[in-house]
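K.L.:
Input: one structure, supplied below.
The values are calculated or read from the model by the stated rules, or taken from the named source; none is laboratory data. Every value quoted in this text rests on a predicted model; they were computed, and no experiment measured them. Ideal geometry is used to build each Cβ from the backbone, glycine not excepted, and the neighbour counts take in all protein chains shown.
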Amino acid sequence: MKQIFILGRNPELSKAEILAYADTRNLEPKEILFEENYLVLELNTQIDIQDLGGTIKSGEVLSEGSEEEVADYINKEDLFDSDKFTYGVFGNVDEEILKEKFKSEKRKAVLKHGRQRMKSQGGEKFEIPKSDVCFFLSALDDKFYFGTLSQEYDYEGVKSRDMEKPVRREELAISPRLSKILINLAGAKEDDLVLDPFCGIGGILIEALVRGMKVYGVDRDANAIKGALSNMSWLKKNFKIMKPYIIERRDARKVPDKQFDAIATETPLGKIVRHRPNRQEARETIENFERFIMPLLKYFKSIKKESARIAITFPKIREAGVDCSLVEEETGLKVVTGPIFEGRPGQFIGRDIVVFE
């Protein structure tokens, strides 16, 4: 089957997440189309969008071929079981064929161009139609693809879980979206033991537990550990979490060797950077971070399974970022994905996301 993915504001990162998820589960992904925020993969099993962090909508290709072949399919099929509805269209092909079809069928079908606009990482805005049904109509090299987008990411459910947990840290906490992405990039799957060596109040641990993984989290900050334990108790009570978890106040250099299946973490920068540093200050901050993280990564390599991956964020300040080739040289780890920049326009500090093996 061919699955369609409408990607979020960082398409490169979203694509990397989907491919890592598919590879981990032996779904044999084959790229068919990747353009702007659209990805089509051939897979042996459909991916549940709720397992992903960087995908907005998903569906299945129903027809492919020449423009005439796809048009013939659209005109013959009953695409929606109502005479009055709204619809949205994603893709790079004009939606005129759908307009004409519904007009000829005398249906009251209203095309929605989007009540909600999402800003991409580069600052561009794209529309997310709020409609009864969404279609995908796109072409690559004279081959056309048509499908229905039946899966939608449960933003409200994820946001509710995040906002209702008893302890939150606005400035320091990692988002559920990025937590899911890091877990998937690390190749973690159900029943795996996942380590977060800088767990804070447990953002990554929560998303891993919800997905049926076992977790081990440590942090040097006593208040963070107290908050993480409180969040775990709340999660266990409200979401019937059955998998075991261990959360301890401990230095990341003293995590016991449990041969972890995956490591996913947001690294601490140190003190919060509140002013825009000059280039020299940015470079010095990154060099200090490199001296801090290098021995830790070397240690993490020794306490994970040989094939296990480390999905990690590195700070990027202005143009200054961690030298990943130096990390490879110093630690013996190998970069398998990235660095992929994650940030917003106008920010002077962002993240590079890297996956090591």
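K.L.:
Could you name every one of the strands (runs of 3 or more DSSP E) located completely within the stretch 244-357 that has at least 2 residues being closer than 23 Å to LYS189 by Cβ and among the polar types (S, T, N, Q)?
P.N.:
Fully inside the stretch 244-357 and qualifying: 304-317.
K.L.:
Within the stretch 297-327, restricting attention to residues that are of a type in the set (D, E, K, R) and under 18 Å from ALA16 (Cβ atoms), which residue is surrounded by the most Cβ atoms within 10 Å (Cβ to Cβ)?
P.N.:
Ranking the qualifying residues of the stretch 297-327, first place goes to ARG309.
K.L.:
Please indicate, with yes or no, whether at least one residue in the stretch 4-17 is buried (at least 21 other Cβ atoms within 10 Å of the Cβ), assigned to a loop (DSSP other than H, G, I, E, B) and either in the same structural domain as LYS180 (by TED's automatic domain parsing) or touching a Lys or Arg at 6+ places or on another chain (Cβ under 9 Å) (or both).
P.N.:
Taking every residue of the stretch 4-17 in turn, at least one turns out to be buried (at least 21 other Cβ atoms within 10 Å of the Cβ), assigned to a loop (DSSP other than H, G, I, E, B) and either in the same structural domain as LYS180 (by TED's automatic domain parsing) or touching a Lys or Arg at 6+ places or on another chain (Cβ under 9 Å) (or both).
For every residue, the table says whether it meets (1) more than 26 Å from THR337 (Cβ to Cβ); (2) in the same structural domain as GLU12 (by TED's automatic domain parsing); (3) in contact (Cβ under 8 Å) with a residue 12 or more places away in the chain.
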| residue | (1), (2), (3) |
| --- | --- |
| ASN184 | no, no, yes |
| ALA188 | no, no, yes |
| GLY217 | no, no, yes |
| ASN223 | yes, no, no |
| PRO256 | yes, no, yes |
| ALA264 | no, no, yes |
| PRO277 | yes, no, yes |
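K.L.:
Here's a follow-up. Within the stretch 194-218, can you find the residues that are in a helix (DSSP H, G or I) and among the acidic types (Asp, Glu)?
P.N.:
Within the stretch 194-218, just GLU207 meets the criteria.
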